[in-house]
Every structure is written in C-alpha cells, then in structure tokens.
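The structure under discussion appears below in the form of structure tokens.
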Amino acid sequence: MTKWIDISQPLTKDIPIWPGDTGFICETAHHKSVTGSVNVGSLTMSLHTGTHIDAPYHFDDDGKRVSDLDISVYGGRAKVIRLPEGTKVISPEALANEKVEGAERLLLHTKAWPDRGGFPEWIPPVAPELAPWLQERGICLLGIDIPSVDSLDSKDLPAHHALAYYGVYILEGVVLDHVEPGEYELFAFPLALEGADGSPVRAVLRQI
C-alpha cells in the first residue's frame with residue numbers, strides 16, 4: 001500500500017485564522033434523530049483557512065479564479081527544502097546552495113510557525129526577486145509552511161504579484177515539521193469552486 005504523508009493542517013474549531021477573517025465552523029446541521037435517516041453537516045469558513053491555495057484573483061481583480069486554474073500545477077514532482085535557521089527573507093540567496101532544477105514544485109520548511117495553536121506574530125516574507133529565480137528553474141508552484149508569502153501586515157503584496165507575474169502559483173500553510181528534505185510527489189488539488197479567490201486543499205506527499 002502506498003504511504004502518504006499528510007502535510008495539511010487539521011481543520012478544527014480551534015484552527016487559527018487571519019485576524020478578522022471568517023471563523024471555522026463545521027457542525028451537524030440536521031441530525032439523524034430528526035431526519036430519520038441521515039446526519040447532514042454544514043461548513044462555514046474562509047477560503048484561506050489552514051492549508052490552502054491562492055488564486056491570482058485573491059490579489060488582482062483581473063487575475064485567474066480557482067475555476068480558471070490549470071489543475072496540473074497542483075500535482076506532480078516536488079522538492080522539500082529546509083531553510084537555514086534564522087532566515088529573515090526568503091530570497092534567492094537563501095536557496096543558493098539548493099539544486100531545484102527539475103523539481104517543478106518547491107515546498108519550503110521555514111520553521112517560522114512552530115505553534116499552530118495561534119496565528120504567528122511574524123513570518124519571513126518571500127522576496128519578489130525570488131519569482132524570476134524560480135521561473136528560470138522551471139518551478140510552477142511555491143509552497144510554504146506559513147500563512148502568506150508576504151509580510152503579515154503587507155497591503156500591496158509584492159511577493160504575491162511577482163509570483164503571479166512569473167507564473168508561479170502559491171500554496172500556503174503546509175505542515176512540514178515531520179517531513180525530511182528531499183524529492184516527493186505532491187498532490188494538493190483545490191476544490192472546483194466557481195469564481196473563487198482561493199481554496200482549502202488536502203495536501204499530501206508521496207516519496208519518490
């Protein structure tokens with residue numbers, strides 16, 4: 001049997017969310033004792049809760065929405081990299097010693113969000129100049145273990161825009177603490193949400 005490595009945040013009532021965003025509620029809306037046959041659940045959440053992808057429409061009114069995305073971006077060869085301790089900015093220099101050509105998808109373990117019981121106070125942002133560096137090496141997806149590729153207080157979102165411009169898609173909030181650096185297959189497909197700006201995913205890895 002294939003061994004899968006789950007790198008998704010569990011969606012629970014206590015999952016930390018972006019301050020001011022829609023809270024997570026998953027509950028039984030109709031009980032079997034009432035319907036006579038089934039329990040039926042309901043779900044309320046932000047599309048950017050936990051492990052999720054950003055569609056370009058999230059930060060660009062003219063950008064692609066989830067229903068416009070090429071699904072193949074979210075499944076295939078990937079490389080997990082552990083960034084140097086104390087990395088302040090995720091730049092080409094931070095990855096200078098890594099061979100990423102052929103990986104197609106890059107997952108970065110920053111270790112900057114050690115306590116997922118609360119929302120982080122600070123994260124290392126992605127430098128906009130990383131976007132062309134990734135494109136030159138054939139990377140189509142950047143995954144990180146923090147809630148955003150930009151600083152938490154950023155309004156102009158330079159990394160989001162740079163990555164989109166260079167054709168690099170975004171996967172945020174993966175959990176890599178239990179994953180060894182190396183080569184994997186990644187599967188992190190968004191839901192088929194018509195017109196949405198993002199989507200939660202069940203992200204998993206399979207060792208190559």
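Is it true that Gly36 is without any contact (Cβ under 8 Å) to a residue 12 or more places away in the chain and either surrounded by fewer than 19 Cβ atoms within 10 Å (Cβ to Cβ) or of a type in the set (A, V, I, L, M) (or both)? Write out each step before concluding.
Details: without any contact (Cβ under 8 Å) to a residue 12 or more places away in the chain: yes; either surrounded by fewer than 19 Cβ atoms within 10 Å (Cβ to Cβ) or of a type in the set (A, V, I, L, M) (or both): yes.
Yes; evaluated as a whole, the condition is true for this residue.
Quick one: which of Ala127, Ala131, Ala203 is touching a strand residue (DSSP E or B) at 6+ places or on another chain (Cβ under 8 Å) and under 25 Å from Asp68 (Cα atoms)?
Working: Ala127 fails: under 25 Å from Asp68 (Cα atoms); Ala131 fails: touching a strand residue (DSSP E or B) at 6+ places or on another chain (Cβ under 8 Å).
Answer to the selection: Ala203.
Counting only residues that are in a loop (DSSP other than H, G, I, E, B) and under 22 Å from Leu11 (Cα atoms), which one in the stretch 123-150 is farthest from the chain's Cα centre (by Cα)? Give the steps one after another, and end with the answer.
Let us first name the residues in the stretch 123-150 that are in a loop (DSSP other than H, G, I, E, B), namely 123-125, 127-129, 137-140, 145-150.
Now drop any that are not under 22 Å from Leu11 (Cα atoms), which leaves 123, 145-149.
Working: Ile123: 14, Asp145: 7, Ile146: 8, Pro147: 8, Ser148: 8, Val149: 9 Å.
The selected residue is Ile123.
Which of the residues spanning the stretch 110-139 are among the aromatic types (Phe, Trp, Tyr) and closer than 21 Å to Tyr165 by Cβ?
Step one: list which residues in the stretch 110-139 are among the aromatic types (Phe, Trp, Tyr), which gives 113, 119, 122, 133.
Once the filter is applied, which keeps residues that are among the aromatic types (Phe, Trp, Tyr) and closer than 21 Å to Tyr165 by Cβ, the stretch 110-139 yields only Trp133.
Can you tell me which of (1) free of Cβ contacts under 8 Å to residues at least 40 places away in the same chain; (2) touching a helix residue (DSSP H, G or I) at 6+ places or on another chain (Cβ under 8 Å) is the one Leu191 doesn't meet?
All conditions are met except number (1).
Which of the residues that make up the stretch 116-145 are among the polar types (S, T, N, Q) and out of contact with any Gly (no Cβ under 7 Å at 6 or more places or on another chain)? So that I can check it myself, show each step before the final result.
Kept after step one, since they are among the polar types (S, T, N, Q), are these residues of the stretch 116-145: 135.
Hits for the stretch 116-145: nothing passes.
Taking Ala103 and the conditions (1) over 19 Å from Asp145 (Cβ atoms); (2) surrounded by 12 or more Cβ atoms within 10 Å (Cβ to Cβ); (3) among the aliphatic types (A, V, I, L, M); (4) under 19 Å from the mean Cα position of the chain (by Cα), which numbered condition does it fall short on, given that it satisfies the others?
Unmet for Ala103, out of (1) over 19 Å from Asp145 (Cβ atoms); (2) surrounded by 12 or more Cβ atoms within 10 Å (Cβ to Cβ); (3) among the aliphatic types (A, V, I, L, M); (4) under 19 Å from the mean Cα position of the chain (by Cα): (1).
What's the total number of residues in the stretch 59-81 that are surrounded by 14 or more Cβ atoms within 10 Å (Cβ to Cβ) and of a type in the set (Asp, Glu)?
1
Scan the stretch 65-84 and tell me whether some residue there is at negative phi, over 18 Å from the mean Cα position of the chain (by Cα) and modelled with pLDDT under 95.
Yes, because at least one residue in the stretch 65-84 is at negative phi, over 18 Å from the mean Cα position of the chain (by Cα) and modelled with pLDDT under 95.
Cβ contacts < 6 Å: first residue among the charged types (D, E, K, R), restricted to the stretch 1-25; second residue in a loop (DSSP other than H, G, I, E, B), any location; separation 6+ or different chain. Result?
Asp21/Ser46
Working only within the stretch 30-77, note down all residues that are assigned to a loop (DSSP other than H, G, I, E, B), in contact with a strand residue (DSSP E or B) (Cβ under 7 Å, 6 or more places away or on another chain) and more than 26 Å from Phe187 (Cβ to Cβ).
Within the stretch 30-77, Asn39 is the sole residue that qualifies.
The values are calculated or read from the model by the stated rules, or taken from the named source; none is laboratory data. Here the structure is a predicted model, which means the values were calculated and not measured. Positions of Cβ are backbone-derived with ideal geometry, glycine not excepted, and every protein chain shown enters the neighbour counts.
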